[in-house]
1. How much length is gained if the chain between residue 75 and residue 9 is pulled fully straight, taking 0.36 nm per residue apart and subtracting their Cα-Cα distance, in nm to one decimal?
2. Summarise the accessible area of the chain (1.4 Å probe, protein heavy atoms) by the percent that is carbon and sulfur.
3. How far apart, in nm, are two points set 7 Å out from the Cα along the Cα-to-Cβ line at residue 85 and at residue 33?
4. Taking only DSSP H segments of four or more residues, each worth -39500 (n - 2.57), what value at 222 nm results for the chain once the sum is divided by all its residues, to the nearest 500 deg cm²/dmol?
5. Bin width 10 Å, alpha-carbon pairs only: give the P(r) of the range 30-98 as whole percents, running from 0 to the bin holding the largest distance.
6. Test of understanding: extend the Cα→C-beta vector of residue 26 to 7 Å, then name every residue of the range 56-75 with backbone N under 18 Å from that spot.
7. With +1 on the Cβ of every Lys and Arg and -1 on the Cβ of every Asp and Glu, and nothing else charged, how large is the dipole of the range 1-105 about its Cα centre, in debye rounded to the nearest 20?
8. Testing the spin-label approximation: label points 7 Å from Cα along Cα→Cβ at residue 2 and residue 57. State their distance in nm.
Amino acid sequence: MNWLLESSSWAPKLASDHVVLQLHEWGHRERDRRATDLTELLVRMAAADGGRQVSVQLADQGQQALIVALSHRPVRPVVDGGALLELAGLGAASCGMDTAEDGRRVWAVLDL
């Protein structure tokens, strides 16, 4: 699944609502708080790049979900160890970020 959202102050909450609802539709209800917290942080990180839009992508496989936020604004590669530590502290099994021509991607894998 994916959603294209306006990069705004309400985007993190809207994105997390979409993610949790979709996880419920897929039969995953055990990690709502972690999914919400991770999604909101990922979207805030992507929105901080200053683009007009943020994309959120969600996939599940086995007992894991991948949540990705894309800024749609190419930025210089920045390794923000603090943000990655925060994602890990929110329950991400793994996380990371990279940049490409289409913008910066930040992602987290959540054990379901």
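1. Details: separation 66, 0.36 × 66 = 23.76 nm, distance 2.04 nm.
Stretched fully, the residue 75-residue 9 segment lengthens by 21.7 nm.
2. On the way: 3060 of 6080 Å².
Solvent-exposed carbon and sulfur of the chain make up 50 percent of the total.
3. Simple spin-label model gives 2.3 nm for this pair.
4. Working: 3 runs with 40 residues, N = 112.
Mean residue ellipticity at 222 nm (helix-derived): -11500 deg cm²/dmol.
5. Spelled out bin by bin, the range 30-98 gives 19, 54, 24, 2 percent.
6. 56-70
7. Working: 11 positive and 14 negative charges, 28 e Å.
Dipole size: approximately 140 debye.
8. 0.5 nm
The values are calculated or read from the model by the stated rules, or taken from the named source; none is laboratory data. On a predicted model such as this, the values are computed, not experimentally measured, just so you know. FYI the Cβ positions are ideal-geometry reconstructions off the backbone, even for glycines, and counts take in every protein chain you see. Accessible surface is based on the protein model in full, side chains and every heavy atom, while ligands, DNA and RNA are left aside. Shrake-Rupley method; radii C 1.70, N 1.55, O 1.52, S 1.80 Å.
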